[in-house]
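Comments concern the structure below.
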Amino acid sequence: MACERPRVQIPTGPSIVVERERGLHPTLRIKGTKSHSLLGRKIVLGVTGSIAAVKTVELARELIRHGADVYGVMSEAATEIIHPYTLHYATGHEVITKLMGNIEHVEFLGMEGSADLFIIAPCTANTLNKVATGVSDTPVTAFATTAFGSGIPIIIVPAMHESIYKSPVLIENLLKLRRLGVTVVGPKIEEGLAKIAELEEIILTVEHILSPQRLAEKRILITSGPTIEPIDPVRILTNRSSGRTGIELAKAAYKQGAEVTLVHSKELNVLGIKELRVETAREMVDVCMNELRNGYDVLISAAAISDFTVEPSEVKLPSTGDLQLHLTPTRKLIEEARNEFPELVIVGFKAETNVSKEELLRRAKKKKMERYNLAMVVANDIGKGGIGTAENDVYILRKGTHDIKHVNGAKRIIAEEIVNELIDLV
């Protein structure tokens, strides 16, 4: 009787364990360890002859960490930057460097091809111009032409010298590719180079294109992070909020196809997410109210807006002796939003410190959901952690149901759960 092959348990996400057989390529053991957003998706990764090809290994591995199966295809010029064995290691699959009898470009990206997406990262000016004009003289360009013919989504991530990127010919071809439906990510202009976009932005774009788009045509306004109330030109009143939850909510909603506006004090610079920057509580409320008048379906009020402000001094206050500050209450965003927009779906947050679970949920329901007629409230006890940290432990309450969802772990995971709950409400 044949012996059963030993199996090993590999964690693939929060509270999820999937069995995998020993003997798999070592790289594939990281599959799904960050999220399942790309689980079941097959992605062909084209690599061209830019020095940025050295970043392809980590890009491939990140796609796999989010659940994707990745197959590499390289131009001859790319093989002079990194060896195909390197990309083989990164993906766990043999790399295509020549088109052989299996007509690999059709097998993956033809009318009945098995792949869901073709991404060229990095994409040189040479390859970009060829793809735009239909030249198919390398494996990468042949894959692109085939993807166009079968309607499979294409992402291009340019990387080249800045002077080349500013060429009128290249600019015209970039416009042509965008008109043809190609998604262009980046580049990042610095040091005289049009550098490859950040991995996080590339992954988010892939997730957006391959998501079910369950929030398509919905407009969502999200507030994030702390506000800053000046005391004098040097000192401020603020809080410990990091803004991570709001940023992750914006990404999660964007993945699902929503038109997202993020109001905060930081700088995200992610393709597809509109940002409005504010500092004070007054600016936060004014900007949000003005933006909501442009027509939104949802307001997610995740920012830790200051409850108090102070009349600031125009000069630096002395650093010796007693100092008394007169604090005055700030306006309440969700109160003003509810009064002006009675049909708006509003998601609020309720933070308490060192209370029982029962008391936390009672306050979330009475002081937030019922008082302001909120569709959803996310409650947590910040006395036990969560504010200013990478992880949190929250309860999600939805209007009209007694079901309460308990979620803990990375704020990215929590944001995805909140957005999943929101889908049924809009």
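Before moving on, here are some points about what is shown:
- Output for the stretch 143-159, where each listed residue is farther than 17 Å from VAL70 by Cα, crowded, with 20+ Cβ neighbours inside 10 Å and over 26 Å from the mean Cα position of the chain (by Cα): THR146
- Applying the criterion of being out of contact with any helix residue (DSSP H, G or I) (no Cβ under 8 Å at 6 or more places or on another chain) and among the hydrophobic types (A, V, I, L, M, F, W, C) to the residues of the stretch 250-299, the residue that is nearest to LEU199 (Cα to Cα) is ALA250.
- Considering ALA90, ALA53, the condition of being over 18 Å from ILE156 (Cα atoms) and buried (at least 19 other Cβ atoms within 10 Å of the Cβ) is satisfied by ALA90 alone.
- Test: residue in the stretch 343-356 that is in contact (Cβ under 8 Å) with a residue 12 or more places away in the chain and over 24 Å from ALA379 (Cα atoms): no
- Helices (runs of 4 or more DSSP H) wholly inside the stretch 160-224 containing at least 2 residues that are surrounded by fewer than 22 Cβ atoms within 10 Å (Cβ to Cβ), in the same structural domain as ALA60 (by TED's automatic domain parsing) and without any contact (Cβ under 8 Å) to a residue 60 or more places away in the chain: 162-165, 168-179
- Check on SER167, closer than 24 Å to ILE30 by Cα and of a type in the set (Gly, Ala, Ser): no
- Only residues that are among the hydrophobic types (A, V, I, L, M, F, W, C) and without any contact (Cβ under 8 Å) to a residue 12 or more places away in the chain were counted across the stretch 297-332, and they come to 1.
- The lone exception for VAL135 - which of (1) of a type in the set (Val, Ile, Thr); (2) outside any loop (DSSP other than H, G, I, E, B); (3) surrounded by fewer than 18 Cβ atoms within 10 Å (Cβ to Cβ); (4) more than 28 Å from the chain's Cα centre (by Cα) it fails: (2)
- Looking at GLU336, GLU358, GLU343, just one residue is under 24 Å from ILE222 (Cβ atoms) and outside any loop (DSSP other than H, G, I, E, B), and that residue is GLU336.
- Any hit, the stretch 152-160, residues being out of contact with any helix residue (DSSP H, G or I) (no Cβ under 6 Å at 6 or more places or on another chain) and farther than 18 Å from LEU59 by Cβ: no
- Residue match in the stretch 375-396 (condition: among the hydrophobic types (A, V, I, L, M, F, W, C), assigned to a helix (DSSP H, G or I) and farther than 24 Å from CYS288 by Cβ): no
- Yes/no for VAL355 being touching a His at 6+ places or on another chain (Cβ under 7 Å) and farther than 21 Å from VAL426 by Cα: no
- Residue count, the stretch 255-295 (criterion: closer than 19 Å to TYR372 by Cβ, surrounded by fewer than 21 Cβ atoms within 10 Å (Cβ to Cβ) and not charged (D, E, K, R)): 2
- Residue match in the stretch 288-300 (condition: assigned by TED's automatic domain parsing to the domain that holds ARG244, closer than 26 Å to GLY386 by Cβ and of a type outside the set (A, V, I, L, M, F, W, C)): no
- Residues that are out of contact with any helix residue (DSSP H, G or I) (no Cβ under 7 Å at 6 or more places or on another chain), modelled with pLDDT of 90 or more and among the polar types (S, T, N, Q) are absent from the stretch 84-100.
The values are calculated or read from the model by the stated rules, or taken from the named source; none is laboratory data. Remember, it's a predicted structure, so these values are computed and weren't measured experimentally. FYI the Cβ positions are ideal-geometry reconstructions off the backbone, even for glycines, and counts take in every protein chain you see.
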